[in-house]
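The values are calculated or read from the model by the stated rules, or taken from the named source; none is laboratory data. Here the structure is a predicted model, which is why all the values come from computation and not from measurement. Because the Cβ atoms are built from the backbone with ideal geometry, glycine has one as well, and the counts that use them run over all protein chains shown.
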Amino acid sequence: MKLAYRSEKNAEAAARYWGKSLDKPDWYKIEAKGDSDEAEIFLYDVIGWPYNDVFDLIRALSQLDVKNIILRVNSPGGDVFDGMAIFNALREHPANVTAKIEGLAASVASVIPLAADEVQAHKNSMYMIHDPWTVMAGNQYELREVADILQKISGNMIEAYSDKSNVGNRELKEMMKEETWFTAKEAKDRGFVDTILDTGAAKAKFDLSIFANVPDGIEDGISIVATERSKERALRDVGFSQKEAKAILAGRREGTQRDVERIQVEVERIMNIMKS
């Protein structure tokens, strides 16, 4: 698909906004699950132009002869036309599709899961909707034309949200204008999500500085939500026994200064790994 905005200069500008180089990443993976007649699609990066060609994914999807597809999503969004192409391809596929939001579903990545027969989300994942935007330069007539196109794209996104959710078009329009972030529970309450998964400690690792209203707790593009099990595992990783870890979490044992230092070192180690 040849679109006028897909120029080298605009690609470089988009890369600066995303804080990512233009090297092609491994942005998706498809895995067949043995002889179970089921396949998994991992959608784990920026979607579409200027980083990747969605044709590769859509062609692979069309060749999947399975009864069930699990779509796992952890993405900050990307090119809206490419995202809509994936949305439509999933809707047209004869398989039963289950989408799982495993960390972040933002921008057009919040639309794609809605093509599924069921949308699931880990309880500590995030969901974000906003109005589409673009990077361009031009005269007054060109800019007005682009604004009109963006308005039409926004209308298409509202239709996708409205078909799935229990939110009216007027409220959706305002939510998108304000850039609205939802927890998994909030997304479920509004009908974007069908089921909340009470498992795992999902995380998103992206530069989210391009968005205006990123909620507190998501810093440097990394969201970490600790469960009791993950806290216990972290304590055991730095040398505590299972009994000691449970006692500390239950408040029955005060950590010594040495204990505190050991935990701080381990936290810093984990954060450095996630930022690398």
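Of the strands (runs of 3 or more DSSP E) lying entirely inside the range 9-90, those containing at least 1 residues that are more than 15 Å from Pro113 (Cα to Cα) and among the basic types (Lys, Arg) are 28-32. In the range 71-87, the residues that are of a type in the set (Lys, Arg) reach residues that are surrounded by fewer than 24 Cβ atoms within 10 Å (Cβ to Cβ) and not in a strand (DSSP E or B) with C-beta atoms within less than 8 angstrom, at least six apart or across chains, in these pairs: Arg72/Tyr44.
All conditions in (1) hydrophobic (A, V, I, L, M, F, W, C); (2) under 27 Å from Lys188 (Cα atoms); (3) crowded, with 22+ Cβ neighbours inside 10 Å hold for Ala95, with the sole exception of (3).
Could you tell me whether any residue of the range 116-129 is in a helix (DSSP H, G or I) and surrounded by fewer than 18 Cβ atoms within 10 Å (Cβ to Cβ)?
No; the residues of the range 116-129 include none that is in a helix (DSSP H, G or I) and surrounded by fewer than 18 Cβ atoms within 10 Å (Cβ to Cβ).
For the range 130-144, the condition of being buried (at least 22 other Cβ atoms within 10 Å of the Cβ), assigned by TED's automatic domain parsing to the domain that holds Ala160 and either of a type in the set (A, V, I, L, M, F, W, C) or more than 27 Å from Arg16 (Cα to Cα) (or both) holds for none of the residues.
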